1. Which is at pLDDT 90 or above and of a type in the set (S, T, N, Q), of 390, 367?
2. Out of everything in the range 392-403 that is touching a strand residue (DSSP E or B) at 6+ places or on another chain (Cβ under 7 Å) and surrounded by 20 or more Cβ atoms within 10 Å (Cβ to Cβ), what residue ends up being nearest to residue 290 (Cα to Cα)?
3. Given the condition surrounded by 15 or more Cβ atoms within 10 Å (Cβ to Cβ), assigned to a loop (DSSP other than H, G, I, E, B) and touching a residue at least 40 places away in the same chain (Cβ under 8 Å), answer yes or no: does some residue in the range 235-247 qualify?
4. Of the residues that make up the range 301-318, is at least one in contact (Cβ under 8 Å) with a residue 60 or more places away in the chain, more than 24 Å from residue 533 (Cα to Cα) and of a type in the set (Lys, Arg)?
5. Got at least one residue in the range 314-329 being closer than 30 Å to residue 7 by Cβ, among the aliphatic types (A, V, I, L, M) and within 16 Å of the ligand (Cβ to nearest atom)?
6. Of the residues 29, 10, which single one is part of a strand (DSSP E or B) and of a type outside the set (Lys, Arg)?
7. Hey, can you tell me all the residues within the range 271-317 that are touching a Ser or Thr at 6+ places or on another chain (Cβ under 6 Å) and either of a type in the set (Asp, Glu) or at pLDDT 95 or above (or both)?
8. Tell me which of these residue 218 doesn't satisfy, since it passes every other one: (1) away from the ligand (no atom under 13 Å from the Cβ); (2) crowded, with 19+ Cβ neighbours inside 10 Å; (3) under 31 Å from the mean Cα position of the chain (by Cα); (4) not aromatic (Phe, Trp, Tyr).
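The values are calculated or read from the model by the stated rules, or taken from the named source; none is laboratory data. Note that the structure is predicted; figures quoted are calculated from it, not measured. All Cβ positions, glycine included, derive from the backbone under ideal geometry; neighbour counts span all protein chains shown. We work out accessible area using only protein heavy atoms, side chains counted, and drop any ligands, DNA or RNA first. Shrake-Rupley method; radii C 1.70, N 1.55, O 1.52, S 1.80 Å.
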Amino acid sequence: MEADIPDCLIVGAGPVGLTLGCQFHQYGIAFRIIDKLPGPVKRTKAAAVWSRTAEIFDQMNLTQRFLEEGVKVFGASFFAGGKRVARLTLDSIDSVHNYVLMLAQHKTEEVLRTYLEEKGTSLDYNCSVVSVEERDDLVEVTLDNGQTLTARYLIACDGAHSQVRQSAGLSFEGRELESQWVVADAEIEGLPFDDEILLIMHQDGPTGLFPLGDSLYRIVGQTEPVADQTTELAEQAVRELVGTRVQSGNLKLGKVTDAGFFSINERQVDRYRKGRIFLAGDAAHVQSPLGGQGMNTGIQDAHNLAWKLAMVCKGDLNPKVLDTYHEERHPIGKWLVEATSRGTDMLTNRQPIVAAFRDQAARFVASLPPVQNKLRNTLSEVEINYRSSSLSREPAYVGAGWRYRQGIRPGERAPDGLVRYNDLETRLSSHLRGRLFHLLLFDSGRSVLALNWETLLKQLQEHHCRRVDTVLVSTLSANREKLPCPFLEDFQEELHHLYSAIEPCAYLIRPDGYIAYRSQPVDKVELLNYLDEWSV
Ligand SMILES: Cc1cc2nc3c(=O)[nH]c(=O)nc-3n(C[C@H](O)[C@H](O)[C@H](O)COP(=O)(O)OP(=O)(O)OC[C@H]3O[C@@H](n4cnc5c(N)ncnc54)[C@H](O)[C@@H]3O)c2cc1C
């Protein structure tokens, strides 16, 4: 391979391309990011950063930077007929980030871009891709100025109108909704609940108000179709919409900025991978902004793909792992497009009988604890799993107990909990931030000397040290320093409980924090077979 050919070329410096770039930097592979714009722009689009995305930023050691910029919101209130009909609390989301962080998309991009720049990665603006072509073991892109760039892999993060997707001949099936929408940022005072998301169901269409701090709100609402989509008309539409739909005696609407109209497209590409070309974010799926999921899902596309590409480029994993990107992420995108479509149809239905039923149903259904739980864990994206992926594996159980079988399974997000490391309290997740798989060995209070795990560690060290780090999760302090790996004291037995580790067992965690493999008892042969299967 020629020295100056990067491993990966990222097309598009939106939130998805930038996340991928940050992760590639952390994995230490050679990459380049290009964008057709002359420089960063302010986009009045995403405002919600959900829990799973914040956990990903944790893994990238970046969450603190986002928290400094955004506003934590712990609840959402639903209004119909001028009254609050339901309230969704977010503080019991199953995550250490049990809130939604409200942060304008351009600020999210700025945090990611600043990190890259600090690390010496400059973004190449004014590079507009017009075509892509695979040649031998490389992808070649041609820019609008005639220049060509090559890389081993290309990741299209170039948004809904992806030129890469079009040039690669991939179709983007779906529909454009007839409804017209408006978005803006506005200074508002006198709202009934000024630190929550407000969702207002109204006969003229739904409206959402999202607090961005300092009395500034992102407003998104359905409006009447207009032919002439000027900024002035968009601002006027926002003022009318707030005036007629928000019921509050003391309401003061101040400055309105960045107003614009948009329509909703619901589309998905049928293949997330074509040879050496991958699609992520809006280039792969676009959907209604209902629930604020698009950017979050795109960031998770990037997170799913980054470790696979990085470990393949470094020669640490078999390239067949790259097929699991489509296998795992396409169903998530499909579900998202369909679910937000159903929700949007329901919210925009103006037939009086349907609207009346919807408002009553919202009042009743949203008050049920299981519905609340489902809603918050879905919105926060902590429920996403890859149980049916070919990467998710466990051997046939031999004598494993019922609780273990019902416990956390391969493909699910690895639970987090408090442990002690060198006598200091810490969280398991902070020990999983290395860029490898992590093997968690749970001793369930047994002496590790009797468990005979030294040979397993020796073989892992000999054959898989570039892929796997091992950690002992222990409830027996006598096991400290008995194995050549970090010792995490499960002093509250929280992790043993979360992982149903009643007997000694093993969990292999992927670099993106999902469980790849588990076994009880620890099955050395099966585990090594699993690792060999995905190794080069
Ligand atoms: C009103 C509204 C509200 C939303 N709210 C939320 C929310 O709260 N939460 C959420 O998760 N999502 C939300 N979304 C969706 C979110 O904005 C998108 O999902 C997100 O922008 C997708 O990011 P991306 O990086 O994939 O694409 P983009 O943000 O579209 O970035 C693509 C980049 O590629 C570049 N590019 C394009 N073509 C080329 C080319 N040929 N060559 C080189 N570069 C190119 C572009 O210049 C751009 O910088 C909202 C969307 C809208 C419209």
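1. On the way: 367 fails: at pLDDT 90 or above.
Being at pLDDT 90 or above and of a type in the set (S, T, N, Q) holds for just one of 390, 367, which is 390.
2. Filtering the range 392-403 for residues touching a strand residue (DSSP E or B) at 6+ places or on another chain (Cβ under 7 Å) gives 392-395.
Imposing the further condition that a residue be surrounded by 20 or more Cβ atoms within 10 Å (Cβ to Cβ) reduces the set to 392-394.
Numbers: 392: 31, 393: 34, 394: 37 Å.
Once the filter is applied, the top-ranked residue is 392.
3. Yes, the conditions are met somewhere in the range 235-247.
4. No: zero hits.
5. Residues of the range 314-329 closer than 30 Å to residue 7 by Cβ: 314-329.
Next cut, among the aliphatic types (A, V, I, L, M) only: 317, 321-322.
Pick out the ones that are also within 16 Å of the ligand (Cβ to nearest atom) and you get none.
For the range 314-329, residues closer than 30 Å to residue 7 by Cβ, among the aliphatic types (A, V, I, L, M) and within 16 Å of the ligand (Cβ to nearest atom): absent.
6. Values: 29 fails: part of a strand (DSSP E or B).
It is 10.
7. 283, 287, 288, 296, 299, 302
8. (1)
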